[in-house]
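A.B. asks: Dropping the structure in here first, questions after.
Every number here is computed from the coordinates shown, using simple stated rules; none is lab data. From a predicted model like this one, the values you see are computed outputs, not experimental measurements. Reconstructed Cβ throughout: ideal geometry from the backbone, glycine too, with neighbour counts over all protein chains shown.
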Amino acid sequence: MCHVPSFKQSITACFANATFIEKLKTGMPTTISEELSPRLKNGIVRTKWTKSVAVQTVVGLPLRLRVLPSLRDIEEDNGNTSNTRSSRFLKYLRFLGRLAFSQFGLLWFLVIWTVTGAAMFCITEGPREREQVVLLKNMQRDLAVGLATELRQLRTEQDQDVEPLWSDKVRQYVAKHEKLLLVAVASGYGESGNSGQLWTFPGCVLFAISLITTLGFGAPVPRTTAGRTVGVIFAAIGIPAHFLLILNFGLMTALRLQRYANARRNLRLDNVDPNCSMPMPRWVKIVPFVFSVAYYILGILCFGIARSRPIAASVLFPLDFTAAGGLSTIVDHVRILYGLYLEGAVTIAAIVVAVLQVSATQSLTNIGLKYGLLIEA
């Protein structure tokens, strides 16, 4: 039966590995056990120990993107006057690459990308929406005028009732109006309700945010070929970049919560190998879920009750921001605020996933070893 390490054993293993690696770095003589010696072949020191169950929890910390890019090349370039112009150019080019793939750089890229995408959606879909409204209203008016004209022109003999002829004529025009209505709905007419527009710039900002966050439930759909092309390109670049940012931010937040919790336990983290993974307290696992519930209640207050909506509609406030729920009747600044609210919801979800990932690694490893699901690579 496999031995599952306790919290005390995990801490002891971390201290032992930290001391062992420090001795190797300083050149002090040390005795390598038979259990660890296969990991030190050819002079290679590996910090991820997997030989025994007792040190299964000694794993490297998950890697994440930097918040700000490293300035190492720039500082070295300022201290060295013998660098050529081409080498300086390459160093600054590498710095721009690190800036682009830092959390700060990804954040600014997504802000610019969202604003640009919203402007393109507004340009491609806005004029078409306005033309569609005018065209359908003119067609309805022509249909009504034609019906009235034909009814006035009906003539019958004195002994014949005119009502059946009127009924047939009205039935014909009702069928024409039905066909007209189906064509209009298929082309997107009616999504904006009785008044207002969907594809204003604030509405396009909300659509762009809902697209990159993949929370576009009930969102309007681009109808023009240009708008759909913009949507595909915008999503193909925006969605991966957005997920890369929020997953790294969630992982960073989860690890900092874990370090804060361990510091409150009065653990001597300075003497522990930084690759060691301490067990996560239970309250750290609960806090993100509490924040999720509180965040939804905040949405009910801000986007439901504050807008004088009924209680039932306030609880289901996300439905008000769909095309069928009356999005076109919502004022512009509320649309933008709801887009930011969606971004916050996705960020909290990323933190929850990261906390579960960090905290569940040790538990899942122990369960896998206990039931024989895991073997050495």
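A.B. asks: What area, in nm² and to one decimal, does the C-alpha convex hull of region 88-144 cast on average over all directions?
C.D. replies: Averaged projected area of region 88-144's Cα convex hull equals 5.4 nm².
A.B. asks: Could you work out how much longer the chain between Ile367 and Val293 gets when fully extended? Use 0.36 nm per residue separation minus the Cα distance between them, nm to one decimal.
C.D. replies: 23.6 nm
A.B. asks: Considering only the other residues whose Cβ falls under 12 Å of the Cβ of Thr253, what net charge follows from Lys and Arg at +1 and Asp and Glu at -1? Walk me through the intermediate numbers first.
C.D. replies: On the way: positive: Arg64, Arg256, Arg259; negative: none.
Around Thr253, the surrounding residues sum to +3.
A.B. asks: Hey, another quick one. Would you mind ranking Tyr173, Tyr371, Tyr338 so that the residue whose beta carbon has the fewest other beta carbons within 10 Å leads the list? Write down the numbers at each step before the final one.
C.D. replies: Details: Tyr173 16, Tyr371 9, Tyr338 24.
Exposure proxy ranking, most exposed first: Tyr371, Tyr173, Tyr338.
A.B. asks: How would Glu131, Glu125 line up from fewest to most surrounding beta-carbon atoms within 10 angstrom?
C.D. replies: Placing the least packed residue first, the sequence is Glu131, Glu125.
A.B. asks: Let me ask another. Give me the net charge for the shell around Ser102: Cβ to Cβ below 11 angstrom, other residues only, Lys and Arg +1, Asp and Glu -1. Could the numbers behind the result be given before it?
C.D. replies: On the way: positive: Arg64, Arg66, Arg98; negative: none.
Local net charge: +3.
A.B. asks: Fewest Cβ neighbours within 10 Å first, please rank Leu244, Leu198, Leu71 accordingly.
C.D. replies: Exposure proxy ranking, most exposed first: Leu71, Leu244, Leu198.
A.B. asks: For Pro288, what is the net charge nearby, where nearby means another residue's Cβ is under 14 Å from its Cβ and Lys, Arg count +1, Asp, Glu -1? Before the final figure, lay out each step's value.
C.D. replies: Values: positive: Arg256, Arg282, Lys285; negative: none.
Around Pro288, the charge tally is +3.
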